[in-house]
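Reading through the structure tokens given below for one structure.
The values are calculated or read from the model by the stated rules, or taken from the named source; none is laboratory data. This one's a predicted model, so the numbers in the text were calculated from it and none came from an experiment. Cβ atoms come from the backbone with ideal geometry, glycine included; neighbour counts cover every protein chain shown. SASA here: full protein model, heavy atoms, side chains in, ligands and nucleic acids out. Shrake-Rupley method; radii C 1.70, N 1.55, O 1.52, S 1.80 Å.
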Amino acid sequence: MEIYLDANATTPVLPQAREAALAAMADDFGNPSSIHSTGLKARALMDGVRARARRVLGAGGGRLLFLSGATEGIQTAVLSALGALRNAPIKPELLLYGATEHKAVPEAIKHWNALLGLNLQVLPIPVGPDGRHDLDWLRARAPRAGLVCTMAANNETGVISDLDGIEAALAGSTALWMVDGVQALGKLPLRLAERRIDYAPFSGHKLYAPKGIGLLYVRDGAPFTPLLAGGGQEGALRSGTENMSGIAALGAVLAALEDGRTFREHATLVAFRDRLAEALQQAFPGLVFNAPPELCLPTTLNFAVPGVSSKLLLDLFDAAELRVSGGSACSAAKAAPSYVLEAMGLPAWQTASSVRLSFGPVADRAFIDEACARIRICGESLRDSCLDPNAPSQALPADGLTRFIVDGACCYLLADADSRRAVVIDPLPELTERLAQWLRCQNYELAAVLDTHSHGDHASSASELLAAVRQHRGDVDGLGWPRGTDAIALGAQSLTRLAIPGHTQDSTAYLLHDPQGLRLAFVGDTVMPGALGRSDFEQSAPQRYGASLRQLEQAVGPHTLLLPGHDYDDRFASTLAVECVAQPLLAEVLGGRVDDADFAAAKARLEQGLALTEYQTVACGARIDSGCPLSSSELTLAELTQMACQHAGLVLVDVREPYEQRLGQAPELGRGVKREAVALSGLPNALARWTALPAETPVVFFCRSGNRSAQAAQALRRLGHERAWSLSGGLALWPRITAAADAAFAI
Ligand code: PLP
């Protein structure tokens, strides 16, 4: 069953709110502007909800408008304030907003400031390391400000603003004051009319009402300009027929707030939060909280674990059916740090790897117990995988190949469980700590740290890695190969090397052999998916490149898996046969149709004016093919089920990482299905085996959301197995036994 701990993003709808909404749709469906009895009933309902909201919010004689949500409330408040400032006899200079406000606030201010032609200076109010506004800064600027926007509580950290302090800092200023009350509703007493607050927006879906209904408080006498003009609803302050089902549901939530039985008291919520915090600290030793709990809403925890990315933690929690959110948004190429934590001046690692856990005030003891139990299981799973640098090892010996990728650069870890030895190929500085921690945790000897060449875009971090695991480099050449050795043994496997100068003079391929023969080759940048390594560096040997390619072909043949030094498009691996089709120049030089000098000249032409990569690093080769995905490999669950019936022997591969796989498995699909677990980071271990399957055998990958499985399916297709698919939407769309919304209230 799902444990939903992302209440600051949105909440399920309270059962009594659902009933009220349904009744407003089915029975009391009138338009409150109609003057017949059906309309009058709707109006009475709406008036009743408004009266309740007035009591709950302490709105006194202020106006309360129903609108679509907080974003609309914020627009209306900002437009109203700026509209008044435009006509003010003495123009203010500044528009101020808290540096940690929801983006809706600064964006609305900038938008209306420009549109109304005010062009006032817009400034963020700095916050301290505790997330609270710098009141001295505010006091100094308040006299020149026309509008001040400060949230009541922050959505990412839960930090509660010092509204009394802000009010005092505004003393003597004529600035209008907006307080975003979204995260405070139902969690903090607001008593709006007791303060000089001019505007306060609220959103129903953050407190168990449906999406699409919100409230805006406007102080009696505060300037107002309607955002929507039309039929004159809401006293002509907000036109448009009212969202009656939303209003009815919001009314049920407000009734629950008033009855005092549905929502837990503050002290109970604090006790719940403390238990969750303790479970987190036990599960992830070293964890730090990003805001002081005593200043925060009792329902929000924001934390980071040193050395563990928020992406990894989210995948881990999600596999345990615990829904939390990343404090920072992750784009495909880079994780964007949290601007809220940045504003608080937290170190970069914390701003980039934060996780937010938030629950709603209907949570009960059983729910918190279950959440704590699962958090502990997540901690265990991470320790089993040697991925928590702060926790002692309890891992099973690892075996096989793991690929790491940083900004398109690849690093490989080759581990052998029998001999407990490992080799790292093309170490990256960003991975030193992670690899060292893994080696220490597994207690493996580092047999060698090899580079495939002297890199153009980064320095080798071999020495740092060896130092981190307290091993001496020994008598090795410039690329880390032990002098006087032909092969490096790794249990039953061994590595040999082949000089392939071209990209650089020292370019070397490492060939991995097992008892059955040559298994794969690490070829650095000499042959990458869709590109040949550039040969215009000072340390390049362009005239020798062609001969090296032919030597490589002689050693590995057309179909051996080649693992590249860079992979900008998640292709994982290639073969000379595949690359000859994608890169005609390669086919020509291997086929003997161009000589080495012409090959070097043709390559030089391709490399003219090479741009930086999307990661702003030096491009290691000129792309020949487009890098676009092949035709769609997406499969719906219905299509997969049908395919499983039609093809006995369908291979279904879970590409989630082992720490996720341990926490939960996909439901059964059928008896003929052959299930495998091959983590995306270990994909090269299995690619050759899948390409050797009969062409008609479907291989279907799945993961949590469909992203990683799409990469796997595309990689396998590119290697020639056409019938490779990815389950669209992943496990997230695989139906569960319990409906999530009911489950949220079932305990
Ligand atoms: N303000 C805060 C503090 C929020 O957390 C949110 C939603 O995340 C909003 C404003 C926007 O609310 P809505 O989704 O109702 O537009």
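Miscellaneous remarks
- For segment 145-261, the carbon plus sulfur part of the accessible surface works out to 50%, probe radius 1.4 Å.
- Mean shadow area of segment 1-54, taken as a quarter of the surface of its Cα convex hull (nm²): 5.4 nm²
- Gain in span if fully extended, residue 634 to residue 588, counting 0.36 nm per residue against the direct Cα distance: 13.1 nm
- Each peptide in 665-671, 134-140 was scored by the mean count of other Cβ atoms within 10 Å over its residues; highest first, the order is 134-140, 665-671.
- FRET efficiency, 1/(1 + (r/R0)^6) with R0 25 Å, evaluated for residue 516 and residue 418 via beta carbons: 0.95
- When the P(r) of the chain is calculated, the portion above 35 Å amounts to 56% of the C-alpha pairs.
- Over all other residues within a Cβ to Cβ distance under 9 Å of residue 524, the charged ones net out to -3, with Lys and Arg as +1 and Asp and Glu as -1.
- Cross-link partners of residue 211 among lysines (Cα-Cα below 25 Å; sequence separation of 8 or more within a chain): 41, 103, 187
- Rounded accessible area per residue of the chain, 1.4 Å, Å²: 40 Å²
- Computed [θ] at 222 nm, deg cm²/dmol, the chain (DSSP H ≥ 4; -39,500 (n - 2.57); rounded to nearest 500): -10000 deg cm²/dmol
- A cut-off of 5 Å between modelled amide H atoms, ignoring neighbours fewer than 5 places along the same chain, links residue 497 with 511.
- Global form of segment 149-243, assessed from the alpha-carbon gyration tensor, a/c cut-off 1.5: oblate
- Carbon + sulfur, % of accessible area of segment 552-661 - ligands and nucleic acids excluded, 1.4 Å: 55 percent
- Interchain or long-range residues, amide H under 5 Å from residue 532's placed H: 622
- Whole-Hz couplings from phi, Karplus 6.51/-1.76/1.60, listed for segment 401-413; x for Gly and Pro: 9, 10, 9, 10, 9, 10, 6, x, 8, 9, 9, 10, 10
- Solvent-accessible area of residue 27 with every protein chain in place, 1.4 Å probe, in Å² to the nearest 10: 100 Å²
- Prolate/oblate/rounded label for segment 274-407 (Cα gyration tensor, a/c 1.5): oblate
- Shape of segment 1-123, Cα gyration tensor, a/c cut at 1.5: oblate
- Residues in segment 207-239 reached by a label modelled at residue 191 [backbone nitrogen below 20 Å; 7 Å Cα→Cβ]: 217-220
- Amide H contacts under 5 Å for residue 296, placed H, 5+ residues apart: 160
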